[in-house]
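Worksheet for the structure shown next.
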Amino acid sequence: MLAEYYILKRAQAVTLRWAIEQYRERYQNPMLLRASTLFSTLTLGRYAALRIDSDGPAPRLLGLRDDGRTVVEVGAMSEGMTDQLFLALRLAAVEQSIAVGVRLPFLADDLFVNFDDERSEAGFRVLAELAQSTQVLFFTHHPHLAAIARSVVGGRASLGMRIGMT
């Protein structure tokens, strides 16, 4: 009798946890959804999404790896990966501000120092997309980053993205 009761209660708890997770995924914050997309782009697909773990005493931001199952805490990510995460969150916030009519320039000073060339290229594509909505000013003292920026942005620099050497 106790075993049946335990199994029933355990099944209810698992089902409830699953339903809560499904609800969170379906109705999560639009900014987090956009940051997830940007993070995936900036990491070249190594991370598929971002998740909020609300089960502990305080919510935690987690990265969901490309296998769709492995979650990584921010503290376990490399410095370059956390830079990409911060940029994804920052750009999602800027885009949200633009959507409500606040158009401030986006200033980036040596933003891609901890990115390899491929991720820098992905970053410049994301910045070029943002430059369609607001002015983007990118400053660097790394000639190779300026070259990557120019190769990605090309003639679109006049649309709102400026690249400057410091």
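The values are calculated or read from the model by the stated rules, or taken from the named source; none is laboratory data. Computed from a predicted structure; not experimentally measured. Cβ: placed from backbone, ideal geometry, glycine included. Neighbour counts: every protein chain shown.
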> So Ala93 clears everything in (1) within 16 Å of the chain's Cα centre (by Cα); (2) exposed (fewer than 14 other Cβ atoms within 10 Å of the Cβ); (3) assigned by TED's automatic domain parsing to the domain that holds Val153 except one condition, right? Which one?
Replying inline: (3)
> Which residues, counting only those in segment 112-155, are closer than 27 Å to Val100 by Cα, β-branched (Val, Ile, Thr) and out of contact with any Phe, Trp or Tyr (no Cβ under 8 Å at 6 or more places or on another chain)?
Replying inline: Val126
> If Val100 passes every condition in (1) under 30 Å from Arg162 (Cα atoms); (2) of a type in the set (Val, Ile, Thr); (3) surrounded by 14 or more Cβ atoms within 10 Å (Cβ to Cβ) but one, which one does it miss?
Replying inline: (3)
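For segment 81-93, check the following and say yes or no: at least one residue is farther than 20 Å from Arg119 by Cα and touching a residue at least 40 places away in the same chain (Cβ under 8 Å). Walk me through it before giving the result.
First, pick out the residues of segment 81-93 that are farther than 20 Å from Arg119 by Cα: 93.
From what's left, touching a residue at least 40 places away in the same chain (Cβ under 8 Å): 93.
Yes, that holds for at least one residue.
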> Can you tell which of Glu73, Glu79, Glu4 is of a type in the set (Asp, Glu), out of contact with any helix residue (DSSP H, G or I) (no Cβ under 7 Å at 6 or more places or on another chain), loosely packed, with under 14 Cβ neighbours inside 10 Å and under 30 Å from Gln132 (Cα atoms)?
Replying inline: Glu79
> Which condition number in (1) assigned to a strand (DSSP E or B); (2) over 25 Å from Asp110 (Cβ atoms); (3) under 11 Å from the mean Cα position of the chain (by Cα) is the one that Leu50 fails?
Replying inline: (2)
> Pick from segment 5-49 the residues that are more than 18 Å from Glu73 (Cα to Cα) and of a type in the set (Val, Ile, Thr): which of them is modelled with the highest pLDDT?
Replying inline: Thr41
